[in-house]
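Input: a single structure, listed below in structure tokens.
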Amino acid sequence: MIKESVYECIGNTPLVKLQHLPNATNSTKIYGKIEYINPGLSIKDRAALRLIEDAEKRQLIIKGDTIVESTSGNMGHSLAMICAAKGYKLICIVDPKTPKINIEIYKAYGASILLITDMDEYGGYQKNRILTAKKIGEKINHFNLDQYSNPSCKSGNYNTGYEIFSDLNGKIDVLIASVSTGGHLSGVSKYLKQHCIKKPIVVGVEPLGSIIFGGCQMPYKQNGTGLSFVPDNYTPSLVDIKLKCNDNDAFSMCRYIAKNEGILLGGSSGSVLWAASKLLKSGDIKQDSNIVCILPDGGIKYIDSIYKEVKS
């Protein structure tokens, strides 16, 4: 199969049937949508490509311009890869909590890094990162994509719903996904609720400490998910069940899945599978359900954090 560019490889990721999820029975069908198969190694490839292509169609950017984005995780990887392929410059607005490996990946693709060290009123950096990205994006030949509010993030994941629908012939009882910036949860759930004859139950998962579902902000270690505010791209009306997962449960599930399914996942994927196991145990999900879990990224970047506690 020949592709004209690396970003043409984005999408059409596999659904893998999971065999060993705790609390599942033989009648339960659990499918993981493995998004680290994308060339940028995460689901953010889908939104990043749509953000850039929509900006191109609207003539907001041309080759050689500088794209500016607030990011601490996978969106930066995806944008850096696509910008390198398309001939754009990229400035990634990061903070002291951004994992060093992420910054090195951004740089490897040729992106520039701007570190924000001033905390916002919540003791985090997200709001100041976003404000800085918007300010720099107002400069001539600069453009801020704004993954938190730009509806292209949702439309970029609408086709993910189509892929799932097609693979399972529309028979999806439950969809479980992390919220993050809202794009993939809202995009996928919108497609499935519009097209499935029996509308699936949609479960949104967030780290314990994120305020998207309310509550107080607290520190957490899950990377690339959770916010100190509710993003515009999150559509609450599409979510039926809301759960918060602590770091220990998310990371323990990652290690369990690695050793029992042979799939190396990131923390947000672990929280999604924890939610599936919890709901099966409580009876909130029927054991004979078709359950789809969106697994946003892989675990290679987290070997020295999530997986360092693995004992042989």
The alpha-carbon center of segment 120-182 and that of segment 206-264 are separated, in whole Å, by 15
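Using 0.36 nm per residue, how much length does the chain from Lys221 to Ala108 gain when fully extended, once their Cα-Cα distance is taken away? It would help to have the intermediate numbers written out before the result.
On the way: separation 113, 0.36 × 113 = 40.68 nm, distance 2.45 nm.
Contour length minus Cα-Cα distance gives 38.2 nm.
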With label points built 7 Å along Cα→Cβ from the Cα atoms of Ser282 and Ile101, find their separation and express it in nm. 3.2
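Return the subset of Lys44/Lys89; Lys33/Lys135; Lys127/Lys281 for which the Cα-Cα distance in this structure is over 28 Å, preserving the input order.
Values: Lys44/Lys89 18 Å; Lys33/Lys135 36 Å; Lys127/Lys281 37 Å.
Lys33/Lys135; Lys127/Lys281, as the Cα separations exceed 28 Å there.
Could you tell me whether segment 127-282 comes out rounded, prolate or oblate from its Cα gyration tensor? Rule is a ≥ b ≥ c as square roots of the eigenvalues, rounded for a/c under 1.5, then prolate if a/b exceeds b/c, otherwise oblate. All intermediate terms of the calculation are to be shown ahead of the outcome.
Working: a/c = 1.85, a/b = 1.25, b/c = 1.48.
Oblate shape, in that a/c is at least 1.5 and b/c is the bigger or equal ratio.
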Principal axis box of the chain, alpha-carbon based, largest edge first, Å: 58, 39, 39
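Over 28 Å between C-alpha atoms is what I'm after, so list which of Lys193/Lys278; Lys107/Lys259; Lys134/Lys154 land there.
Check vs 28 Å cut-off fails for Lys107/Lys259.
Is segment 85-148 best put as rounded, prolate or oblate by its Cα gyration tensor, with a ≥ b ≥ c the root eigenvalues, rounded for a/c under 1.5, and otherwise prolate when a/b is larger than b/c, oblate when not?
Oblate shape, in that a/c is at least 1.5 and b/c is the bigger or equal ratio.
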With each run of n ≥ 4 DSSP H residues scored as -39500 (n - 2.57), what mean residue ellipticity at 222 nm is computed for the chain after dividing by its residue count and rounding to the nearest 500 deg cm²/dmol? -11000 deg cm²/dmol
With T = 20 °C, eta = 1.002 mPa s and Kirkwood Rh from C-alpha pairs, the Stokes-Einstein D of segment 44-144 in µm²/s is about 159
Based on the mean of other beta carbon atoms within 10 Å per residue, what is the order of 8-16, 231-239, 262-270, most packed first? 262-270, 231-239, 8-16
Here the percent of antiparallel bridges among DSSP beta bridges lying wholly in the chain, to the nearest 5, is 15
C-alpha long axis of helix 183-195 to longest principal axis of the chain, angle in °: 50
Residues meeting the amide H criterion for Val68 (H placed from the backbone, H to H distance under 5 Å, 5 or more places apart or on another chain) are Ile91, Phe143, Asn144, Leu145
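Every number in this text was worked out from the coordinates using simple rules, so none of it is lab data. Keep in mind it's a predicted model, so treat the numbers as computed, not measured. Cβ atoms come from the backbone with ideal geometry, glycine included; neighbour counts cover every protein chain shown.
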